[in-house]
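Here's the structure, in structure tokens; my notes come after.
Nothing in this text is a laboratory measurement; each read-out follows from the coordinates by a stated rule. Because the structure is predicted, anything quoted here is derived from the model rather than measured. All Cβ positions, glycine included, derive from the backbone under ideal geometry; neighbour counts span all protein chains shown.
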Amino acid sequence: MQLRILGCSGGIGGVHRTTAMLLGERTLIDAGTGVGDLTYDELVRIDHVFLTHAHLDHIACLPMLIDTVFGARERPIVVHASQATLGVLHQHVFNWAVWPDFTVIPAADAAMLRFEPMETGECREVDGCRITALPALHTVPAVAYALDSGDATLVFSGDTADCAEFWQAVNAIPNLGTLIIETAFANREEALARLSRHFSPRLLLDALKQLARSDAVEILITHLKPADHALTMREVLESGADFRIARLEQGQIIRF
Ligand SMILES: [Zn+2]
Ligand SMILES: [Zn+2]
């Protein structure tokens, strides 16, 4: 299985794209601005979108994706997310005011966008990859995802602060090989990180003490804010020398 990183920044500007990853050829994990770099043919092939939460940097391209490929598809795009996240999308985005409600277009029983509630602990299988929602802790309902190809498992934290249930779930994965985890803010913004339920390098390194078998896991840092990305990454590397840590790169392809 391969995971192509379309966007992994905490903001926009220049080359920066926000969170979106393409799993295989037809599954998106989050739908931030990185989705906009896919070709039209690649967009048309998307059948599934798994969302960590409803914040704009993770869903920005979903409304325009469905609008763009609408006429070229015969089956709906299925959006998997918690009932809480889907409720927010329905009420605040696909509400006819911000964007048409594609869950009833062209008809309620033949819609081109389907919402499939998926709660923490639930698992869906797409193209042989088992995708499981894990607990996360953010300012809005949020999940992480474990992607199990059969050979190895990759975990993506989504946006989260430290969360004991997350580490419990991660440590129960026998073939964990890669952990993509966010560090949105530099240490000098730790108060803001706490308030917005994100990690700073210090908070991350504190949380990583709960990771069992850490020598077997490659840790990739995502969601760095553009203004401080170099500083934040330097702070992570300086205090994280005991771990195998690198920065997640836009355009990176992870095979697992
Ligand atoms: Zn968020
Ligand atoms: Zn975010």
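Things to note:
- When each of 234, 194, 202, 188 is tested for being part of a helix (DSSP H, G or I), basic (Lys, Arg) and within 16 Å of ligand 1 (Cβ to nearest atom), the lone residue that passes is 194.
- For region 29-48, a residue qualifies if it is away from ligand 2 (no atom under 16 Å from the Cβ) and among the β-branched types (Val, Ile, Thr), and the qualifying residues are 39, 44, 46.
- Qualifying residue in region 66-73 (condition: closer than 28 Å to residue 183 by Cβ and either surrounded by 24 or more Cβ atoms within 10 Å (Cβ to Cβ) or among the aliphatic types (A, V, I, L, M) (or both)): no
- Checked against (1) within 16 Å of ligand 2 (Cβ to nearest atom); (2) over 21 Å from residue 148 (Cα atoms); (3) among the polar types (S, T, N, Q), residue 187 meets all criteria but (1).
- Residue in region 190-197 that is touching a residue at least 40 places away in the same chain (Cβ under 8 Å), of a type outside the set (Val, Ile, Thr) and within 15 Å of ligand 2 (Cβ to nearest atom) present: yes
- For beta carbons closer than 8 Å, sequence separation of 6+ or different chains, a first residue in region 116-143 that is surrounded by 15 or more Cβ atoms within 10 Å (Cβ to Cβ) and a second that is in a loop (DSSP other than H, G, I, E, B) and among the basic types (Lys, Arg), the qualifying pairs are 126/26; 137/197; 138/197.
- Per-region count, region 5-55, residues surrounded by fewer than 20 Cβ atoms within 10 Å (Cβ to Cβ) and under 12 Å from the mean Cα position of the chain (by Cα): 0
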